[in-house]
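The values are calculated or read from the model by the stated rules, or taken from the named source; none is laboratory data. Owing to the predicted nature of the structure, the values given are computational and were not obtained by experimental measurement. Every residue, glycine among them, receives a Cβ derived from its backbone with ideal geometry; neighbour counts consider all protein chains shown. For accessibility, only protein heavy atoms count, side chains too; no ligands or nucleic acids. Shrake-Rupley method; radii C 1.70, N 1.55, O 1.52, S 1.80 Å.
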Amino acid sequence: MRFRNKVVMVTGGASGIGEACIRMFAAEGASVVVADLLDEEAGVLCRAIRDEGGKATFIHLDVSQEAQWSAAIYELREKLGRLDVLVNSAGISGFVHDRENTAYLDRIMAIHLRGCFLAIKHGAPAIARSGGGAIVTLSSIAAYEGFEGQHMGYNAAKAGVLAMTRCAAGEYARQGVRVNSVVPGLMTPMRTSVVSADPVMRARFFERVPINREGTAEEAAKAVLFLSSDEASYLTGADLVVDGGYTAYTY
Ligand SMILES: NC(=O)c1ccc[n+]([C@@H]2O[C@H](COP(=O)([O-])OP(=O)(O)OC[C@H]3O[C@@H](n4cnc5c(N)ncnc54)[C@H](O)[C@@H]3O)[C@@H](O)[C@H]2O)c1
């Protein structure tokens, strides 16, 4: 049990990669905190974990809202006393039909980039006060290259997530907080995926992936757990790419 007696908060924890992280951290002994907008899904998930003997709490959080971050960290400290690991997985898809939509650019920036900034700003000091720990951000291979059908704001935001992760790694290393990023390729579709949920588009993409299939949320979550654990004690500021070999070698 790698996370016994640890408190782990996962934004976007009610779905996809975040949900897989919540289930795996709970199975490894952590007291998990699901921070999401999806009250109903998060409630069901927390009850399922408690029914299996785990510890799970839900905090309603919009990652783009600073006042909600302050309130969430306060609530977490009141209820659980500490924070050891923060995973920032909340997000919306970049694959949309109207890729010149300026309002969507602002939404992407608010959720992915502002959300990452606020996660680090509010999470890192709370982890440092608890004696140190880890933050894991979720970037994307969209940080490295553009994709047909993807809003370029998503690429920019995910590149920004990597830049913030590296800066924060340096800023918080001496307070005992490691900050790393998991960089998924094309995985199980996001809730908000439209274009990338299209089977034709997916099949075309996976032909170019050496491991020749989509990645699962669990495969991304395993990388998150590794970076959050003491096994990664000398890793900070790193991008851990989980993409079936796509960025290494394209067919
Ligand atoms: N699925 C993929 O193929 C893929 C690939 C690369 C990167 N990613 C990144 O991984 C992360 C997780 O994606 P996923 O596949 O689990 O998607 P998902 O849609 O299954 O889950 C995203 C979660 O974030 C929550 N969320 C959205 N906006 C929020 C907000 N403002 N505040 C709080 N929570 C919010 C949603 O309610 C949802 O529970 C995202 O940052 C995404 O950009 C996903």
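Taking region 206-220 on its own, how many of its residues are more than 16 Å from Met190 (Cα to Cα) and within 11 Å of the ligand (Cβ to nearest atom)?
0
Kindly state which strands (runs of 3 or more DSSP E) lie completely within region 45-146 and contain at least 2 residues that are farther than 22 Å from Val242 by Cα and at pLDDT below 95. First the steps, then the outcome.
Working: elements: 55-60, 85-88, 133-138.
Correct list: empty, since no element meets the threshold.
Are any residues in region 230-246 surrounded by fewer than 16 Cβ atoms within 10 Å (Cβ to Cβ) and touching an Asp or Glu at 6+ places or on another chain (Cβ under 9 Å), and if so, which ones?
Once the filter is applied, which keeps residues that are surrounded by fewer than 16 Cβ atoms within 10 Å (Cβ to Cβ) and touching an Asp or Glu at 6+ places or on another chain (Cβ under 9 Å), region 230-246 yields nothing.
State all residues of region 83-121 that are open to solvent by less than 60 Å² (accessible area, probe 1.4 Å) and of a type in the set (Phe, Trp, Tyr); if no residue qualifies, say none.
The answer is Phe95, Tyr104.
What number of residues within region 210-221 satisfy the criterion of being in contact (Cβ under 8 Å) with a residue 40 or more places away in the chain and either closer than 18 Å to Gly146 by Cα or in contact with a Gly (Cβ under 6 Å, 6 or more places away or on another chain) (or both)?
Going through region 210-221 one residue at a time, the tally reaches 2.
So which pairs qualify, if the first residue must be in region 97-116 and touching a residue at least 60 places away in the same chain (Cβ under 8 Å), the second must be hydrophobic (A, V, I, L, M, F, W, C), the Cβ gap must be under 8 Å, and the two must be at least 6 apart or on different chains?
Sorted first by the residue in region 97-116, then by its partner, the pairs are His97/Val194; His97/Val195; Gly115/Val63; Gly115/Ala90.
Pairs under 7 Å by beta carbon, first residue surrounded by 18 or more Cβ atoms within 10 Å (Cβ to Cβ) in region 55-82, partner among the basic types (Lys, Arg) and modelled with pLDDT of 95 or more, six or more apart or different chains?
Cβ pairs passing all conditions: Ala56/Arg50; Thr57/Lys79; Ser64/Arg114.
Given the conditions (1) touching a Gly at 6+ places or on another chain (Cβ under 9 Å); (2) under 25 Å from Arg166 (Cβ atoms); (3) of a type in the set (A, V, I, L, M, F, W, C), and given that Leu240 satisfies all but one, which numbered condition is not satisfied?
(1)
Can you tell me which of (1) of a type in the set (Val, Ile, Thr); (2) out of contact with any strand residue (DSSP E or B) (no Cβ under 8 Å at 6 or more places or on another chain); (3) under 25 Å from Val177 (Cα atoms) is the one Val63 doesn't meet?
Just one mismatch for Val63, condition (2).
For region 170-181, how many residues meet the condition of being surrounded by fewer than 21 Cβ atoms within 10 Å (Cβ to Cβ) and either touching a residue at least 60 places away in the same chain (Cβ under 8 Å) or assigned to a helix (DSSP H, G or I) (or both)? Let's see the steps before the verdict.
Residues of region 170-181 surrounded by fewer than 21 Cβ atoms within 10 Å (Cβ to Cβ): 170-171, 173-176.
If we keep only those that are either touching a residue at least 60 places away in the same chain (Cβ under 8 Å) or assigned to a helix (DSSP H, G or I) (or both) as well, we get 170-171, 173-175.
Residues flagged as surrounded by fewer than 21 Cβ atoms within 10 Å (Cβ to Cβ) and either touching a residue at least 60 places away in the same chain (Cβ under 8 Å) or assigned to a helix (DSSP H, G or I) (or both) within region 170-181 amount to 5.
Ala217 versus (1) closer than 24 Å to Asp230 by Cβ; (2) touching a Lys or Arg at 6+ places or on another chain (Cβ under 9 Å): which is the lone unmet condition?
It fails just one condition, (2).
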